Amino acid sequence: MLRLGISIGMLSGIILGLCLKWIEWLTGKQVYTLLLNVDFIPIIGPIQWSEWVEFVFHLLIAVAIGIVFVYIVGKLNNMSIRKIVLCSFLLTLPTIPLYFPLTLLALKPTPAVDDAVAIFYWTAGHLIFAAALVFGYIILKRRL
């Protein structure tokens with residue numbers, strides 16, 4: 001179960017990261033920068049981390065969500081696909097409003113707190129993350 005949660009979290013986190021990186025590259029909206037930003041966190045914030053290290057920080061959060069997702073789905077035996085999707089979206093939902101405090105706390109340039117287009121991209125990316133949790137679970141459950 002742990003291996004499955006780690007795998008699903010990694011897969012979903014990579015998909016989210018790549019989506020937001022692609023959006024930032026296409027549009028200039030700094031949603032990928034916001035996703036990786038840790039400059040406001042005490043102790044680790046002042047350090048100039050490479051993009052890859054910041055991406056690993058992001059993946060650690062995604063893996064934690066993947067583990068919790070698999071744990072919940074595993075505890076609630078014989079869940080319908082509808083309930084699995086609902087579980088995924090409920091676990092992902094808190095990440096969407098994180099846009100606001102992350103933007104307000106950021107020291108480096110990120111999208112404006114009221115940038116509706118950036119908020120849309122952030123939300124869409126996280127909904128893709130939620131969908132990736134579900135598809136990852138369906139596909140990897142049989143293989144791991």
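The values are calculated or read from the model by the stated rules, or taken from the named source; none is laboratory data. Remember, it's a predicted structure, so these values are computed and weren't measured experimentally. Cβ atoms come from the backbone with ideal geometry, glycine included; neighbour counts cover every protein chain shown. Side chains included, ligands, DNA and RNA excluded: accessible areas come from the protein's heavy atoms. Shrake-Rupley method; radii C 1.70, N 1.55, O 1.52, S 1.80 Å.
For region 87-141, which positions are over 16 Å from the mean Cα position of the chain (by Cα), under 15 Å from Thr27 (Cα atoms) and surrounded by 15 or more Cβ atoms within 10 Å (Cβ to Cβ)?
Residues satisfying the conditions are Thr110, Pro111, Asp115.
Go through region 1-30 and count every residue that is more than 28 Å from Val70 (Cβ to Cβ) and in a helix (DSSP H, G or I). Let's see the steps before the verdict.
The first filter runs over region 1-30 and keeps only residues more than 28 Å from Val70 (Cβ to Cβ), leaving 24-30.
Narrowing further to those that are in a helix (DSSP H, G or I): 24-27.
Final tally of qualifying residues: 4.
For region 54-90, how many residues are under 17 Å from Leu102 (Cβ atoms) and either in contact (Cβ under 8 Å) with a residue 60 or more places away in the chain or of a type in the set (Asp, Glu) (or both)?
3
When you scan region 44-53, do you find a residue that is open to solvent by 20 Å² or more (accessible area, probe 1.4 Å), without any contact (Cβ under 8 Å) to a residue 24 or more places away in the chain and at positive phi, even just one?
no
For every residue, the table says whether it meets (1) in contact (Cβ under 8 Å) with a residue 60 or more places away in the chain; (2) touching a Phe, Trp or Tyr at 6+ places or on another chain (Cβ under 9 Å).
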| residue | (1), (2) |
| --- | --- |
| Thr95 | no, yes |
| Phe100 | no, no |
| Ala106 | yes, yes |
| Asp114 | no, no |
| Phe120 | no, no |
| Phe135 | no, no |
| Leu140 | yes, no |
| Leu144 | yes, no |
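Kindly check whether there is at least one residue in region 65-85 that is in a helix (DSSP H, G or I), hydroxyl-bearing (Ser, Thr, Tyr) and out of contact with any Lys or Arg (no Cβ under 9 Å at 6 or more places or on another chain).
Kept after step one, since they are in a helix (DSSP H, G or I), are these residues of region 65-85: 65-75, 81-85.
Narrowing further to those that are hydroxyl-bearing (Ser, Thr, Tyr): 71.
Within this subset, residues satisfying the condition of being out of contact with any Lys or Arg (no Cβ under 9 Å at 6 or more places or on another chain) are 71.
Taking every residue of region 65-85 in turn, at least one turns out to be in a helix (DSSP H, G or I), hydroxyl-bearing (Ser, Thr, Tyr) and out of contact with any Lys or Arg (no Cβ under 9 Å at 6 or more places or on another chain).
Under 6 Å by Cβ, and 6 or more places apart or on different chains, what pairs join a residue from region 1-20 that is farther than 11 Å from Leu35 by Cα with one that is outside any helix (DSSP H, G or I) and open to solvent by 70 Å² or more (accessible area, probe 1.4 Å)?
Arg3/Leu144; Leu4/Leu144
With the condition kept exactly as written, say whether any residue in region 102-115 is under 23 Å from Met10 (Cα atoms), in a helix (DSSP H, G or I) and not aliphatic (A, V, I, L, M). Lay out the reasoning, then the answer.
Within region 102-115, the subset under 23 Å from Met10 (Cα atoms) is 102.
Okay, now just the ones that are also in a helix (DSSP H, G or I), so 102.
Now restrict to residues that are not aliphatic (A, V, I, L, M): none.
Among the residues of region 102-115, not one is under 23 Å from Met10 (Cα atoms), in a helix (DSSP H, G or I) and not aliphatic (A, V, I, L, M), which makes the answer no.
Please enumerate the residues belonging to region 3-36 that are open to solvent by less than 10 Å² (accessible area, probe 1.4 Å) and of a type in the set (S, T, N, Q). I'd like the intermediate steps shown before the answer.
Taking region 3-36 first, the residues open to solvent by less than 10 Å² (accessible area, probe 1.4 Å) are 5, 8-9, 12-13, 16-17, 20, 31, 34, 36.
The answer is Ser12, and nothing else.
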